[in-house]
Amino acid sequence: MAANTEVAAGEGETAAPGMDLADIQGNLLRGYGFAHARHFALGVTDAKRAKAFLAGLVSGDETQSPQISTEQHWRPNVRPHYRLNLGLTFAGLKALGVREGALKDFPAAFQEGPAARALKVDLDFPEGVGLGDQKEERSGPKNWILGNPAQPDVHMLLSLYTNEHQKGPLERFSKLLRKLFGDAKLTEMLAFDADALPERRVHFGYRDGIAQPRIQGAPGRARPDMQPECEPGDFLLGCGYKNVYGGNYLGSLPPALADNGTYAAFRILEQDVAAFEDLLVDWSKRYKLGSPEFVAAKLMGRWRHGAPLTLSPDPKSPDPKLAEHEINNFDYAPAEGHTTFFDDAHGRRCPIGAHIRRLNPRSSLVMGRPHSRRLIRRGMPYGPPFEKGDGKERGLVGMFICGDLELQYEFILRVWANMDLATHGLRGTREPILGCQPEDGGEFVLRTSDARDPIVMINLPRLVQTRGSVYCFVPGIGGLRQLAGIAGPPGGSAAKP
Ligand code: HEM
């Protein structure tokens, strides 16, 4: 999931007119690709001091405080020691004294937050599992280490990223920030670390950070991709951006607060790597599928080294040699601009239920408007590399970024991952990697071109549990200054490298 299609600094720095990179928080349009992250969950106890803390983060003065990073990337070959981002929960906006009139205009999903949304009965699908965080399950909000309704509200999520091999800089900047938390009487409720694994792999062994939405007018050069570019309004609020429906997700929010802002669903996901590896071996034997690697590829839709099954379907010779610029340049059906492309309507190459196809069906047949539910994923693994039986917890810390949490993020989890109606060939199944499988195990369907077709594989255990989640509003720099009660642009652009 996530690392991201990082683009070297300076290359294609220019953005479309109207896209003010100095006002957009970093790690949104382009990922940092840093090695370490520490996510601080903070509580406000003194609004005045908390605002002064915020003001320091966007003052432009590094001598006073680390600065919030923007999309105005660092100069070529000058890698900054740290990057910093700030998101606020709905309770956090209240704690900072945002007026009622503005608060009520935030979308319901953001106001309610992930725990309440998880516990909400799905009126149109009562037998469903909602977002997959069932209250009686380990993934239930009452077991969460972050965003647990029984704990005090999280108000701010401050994410620190460093890139040196050693964690020295992470500790150094954490010490600086903790001093500022103390001055501002902010409560540190959790500090959650994540560390990149070699070759940009995530636990379960897959290479991640390959497919990200290409955004019209955004800087940088994304990998070639057959999908249409996304509208900036699918991710950014205000500023006259358009979303896929031709509208804007700003709604009635005050532009001074919300322009160039976005929403991020922060999620801590624990992965059961032992169960996953056992499943690969078991299914490859039980269903005579050759290698566990082939099973891994079918569950994800990509081989673990990154090649997509659509371009590299042969179980005997997964083609690791696909060039970097090719590995995201495919589709599941012919479409505009590639009318003769292979039509994998039945999922004989990439299963219809595989992770990447189920969560982004590209041009394949699916309920609703194609290409309308895109997500920017920024995440990093946590926990040590897998060692069987070490009893250590490991997983993924993910930021799922979008302009509308309900229409994009929640829809993908609730409908595409945990329901079976979005398209044909999914009946009775849930997404294999993160789906909320039934207690006695779920099913996964493989289509083949031989007499075994279809192969219905059973006893799929739940492989990923939610350990915590908060929904954040991620303001632009102008919006952060508004919240801090300081008018006008920073004394020079924020976060000079
Ligand atoms: C521990 C949990 C997860 C793991 C291990 C995981 C792993 C991966 C991997 C390896 C890829 C393919 C590499 C790439 O294209 O970057 C991927 C793609 C993707 N994942 Fe996940 N993921 C997880 C959770 C999620 C969640 C919670 C969501 C959505 C709410 C999600 C949505 C997506 C999407 C939209 C893609 C891109 C598909 C495409 O455009 O081809 N993933 N994930």
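The values are calculated or read from the model by the stated rules, or taken from the named source; none is laboratory data. All values reported here derive from a predicted model rather than from experimental measurement. A quick note on method: Cβ atoms are made from the backbone with ideal geometry, for glycine too, and the neighbour counts reach across all protein chains shown. The accessibility values were calculated without ligands, DNA or RNA, using every heavy atom of the protein model including side chains. Shrake-Rupley method; radii C 1.70, N 1.55, O 1.52, S 1.80 Å.
Which three extents, in whole angstrom, do the alpha-carbon atoms of region 115-269 cover along their principal axes, largest first?
Taking max minus min along each principal axis of the Cα atoms, region 115-269 gives 44, 44, 42 Å.
Please state the relative contact order of region 344-497 as a whole percent: Cα pairs under 8 Å, 6+ residues apart?
Numbers: 195 pairs, mean separation 28.1, N = 154.
Worked out over region 344-497, it gives 18 percent.
Going toward the positive end of the dipole of the chain, with +1 on Lys and Arg Cβ and -1 on Asp and Glu Cβ, which of Thr187, Thr70, Phe411 do you reach last?
Value: Thr187.
Given labels modelled 7 Å from the Cα in the Cβ direction, how far is it in nm from Arg99 to Lys285?
6.9 nm
I want to verify the translational diffusion coefficient of region 198-311 in µm²/s; compute it with Stokes-Einstein, Rh as the Kirkwood radius over Cα pairs, at 25 °C and 0.890 mPa s. If you can, show how the numbers build up before the last one.
Details: Rh = 17.4 Å.
Estimated via Stokes-Einstein, D reaches 141 µm²/s.
Let me check I have the definition right: for region 406-473, take the eigenvalues of the Cα gyration tensor, multiply each by 5, take square roots. What are those semi-axes in whole Å, largest first? List each step's numbers first, then the result.
Details: eigenvalues 143, 45, 14 Å².
Semi-axes from the Cα gyration tensor: 27, 15, 8 Å.
What is the P(r) of region 360-497, as percent of Cα-Cα pairs per 10 Å bin from 0?
Each 10 Å bin holds this share of Cα pairs: 9, 26, 30, 20, 10, 4, 1, 0.
If Rh is defined by the Kirkwood formula over all Cα pairs and Rg also comes from Cα, what ratio Rg/Rh do you get for region 260-320?
Values: Rg = 15.3 Å, Rh = 13.3 Å.
Taking Rh as the inverse mean 1/r over Cα pairs, Rg/Rh reads 1.15.
In region 375-443, if the dipole is taken from +1 on Lys/Arg beta carbons and -1 on Asp/Glu beta carbons about the Cα centre, which of Thr423, Phe400, Gly442 is farthest to the positive end?
Final value for the positive-end residue is Phe400.
P(r) of region 23-70 in 5 Å steps, Cα pairs, percent per bin?
Using 5 Å bins, I get a P(r) of 5, 16, 18, 25, 23, 9, 3 for region 23-70.
Picking from Leu177, Pro370, Gly101, whose Cα lies most toward the positive end of the charge dipole for the chain (charges on Cβ: Lys, Arg +1; Asp, Glu -1)?
Result: Leu177, furthest along the dipole toward the positive end.
Classify region 305-412: rounded, prolate or oblate, from the alpha-carbon gyration tensor (a ≥ b ≥ c, eigenvalue square roots; a/c under 1.5 rounded; otherwise prolate if a/b is larger than b/c)?
Working: a/c = 2.17, a/b = 1.23, b/c = 1.77.
It comes out oblate by the Cα gyration axes.
When all protein chains stay in place, what accessible area (Å², nearest 10, 1.4 Å probe) is found for Leu413?
Counting only protein heavy atoms, the figure is 20 Å².
On the protein heavy atoms, probe 1.4 angstrom, tell me the percent of accessible surface of region 356-402 carried by carbon and sulfur.
Values: 1130 of 1930 Å².
Reported share for carbon and sulfur atoms: 59 percent.
Which sequence of Tyr245, Tyr332 reflects their accessible areas, 1.4 Å probe, from the largest down? Before the final figure, lay out each step's value.
Details: Tyr245 105, Tyr332 0 Å².
Sorted by accessible area, descending: Tyr245, Tyr332.
Hey, what D do you get for region 80-159 in µm²/s if you plug the Kirkwood alpha-carbon radius into Stokes-Einstein at 25 °C and 0.890 mPa s?
170 µm²/s
With the other protein chains left in place, how much accessible area per residue, in square angstrom, belongs to the chain at a 1.4 angstrom probe? Numbers along the way, then the final one.
Working: 19910 Å² over 497 residues.
Dividing the accessible area of the chain by its residue count gives 40 Å².
Across the chain, how large is the tail of the calculated P(r) beyond 44 Å, expressed as a percent of all Cα pairs?
Details: 13517 of 123256 pairs.
Here the long-distance tail beyond 44 Å is 11 percent of all Cα pairs in the chain.
Among the lysines, select those whose C-alpha is under 26 Å from the C-alpha of Lys104, and discard any that sit fewer than 8 residues away in the same chain.
Hits, sequence-local ones excluded: Lys48, Lys51, Lys94, Lys120, Lys242.
For the chain, what relative contact order do you get, as a whole percent, if you take Cα pairs closer than 8 Å and at least 6 residues apart? Intermediate results must be reported in sequence, preceding the final value.
Numbers: 1114 pairs, mean separation 123.9, N = 497.
Once divided by the residue count of the chain, the mean separation gives 25 percent.
For region 30-106, what's the radius of gyration and Dmax over Cα atoms, in angstrom?
15.1, 46
Per 5 Å bin, what percent of the C-alpha pairs of region 154-240 does each bin hold, from zero upward?
Going from the shortest bin to the longest, the percentages are 3, 9, 14, 13, 13, 17, 16, 11, 3, 1, 0.
How large is the dipole of region 322-421 about the Cα centre if only Lys and Arg carry +1 and Asp and Glu carry -1, each at its Cβ, rounded to the nearest 20 debye? Intermediate values should be presented prior to the final figure.
On the way: 14 positive and 13 negative charges, 31 e Å.
With Lys and Arg at +1 and Asp and Glu at -1, about 140 debye.
State to the nearest 20 debye the size of the charge dipole of the chain about its Cα centre, where the only charges are +1 on K and R beta carbons and -1 on D and E beta carbons. Let's see the in-between values first.
Details: 60 positive and 59 negative charges, 133 e Å.
Here the size comes out at about 640 debye.
Counting each DSSP H run of 4 or more residues in the chain as -39500 (n - 2.57), what helix-only mean residue ellipticity at 222 nm follows after dividing by all residues, to the nearest 500 deg cm²/dmol?
Working: 10 runs with 89 residues, N = 497.
Theoretical 222 nm ellipticity from helices: -5000 deg cm²/dmol.
Translational diffusion coefficient, Stokes-Einstein: compute it for region 286-330 using the Kirkwood radius over C-alpha pairs as Rh, at 20 °C and 1.002 mPa s, and state it as an integer in µm² s⁻¹.
Numbers: Rh = 10.6 Å.
Roughly 202 µm²/s, to the nearest whole number.
Quick check on region 344-391: what does the Kirkwood estimate of hydrodynamic radius come out to from the alpha carbon pairs, in Å?
Working: mean 1/r = 0.0729 Å⁻¹.
For region 344-391, the Kirkwood estimate is 13.7 Å.
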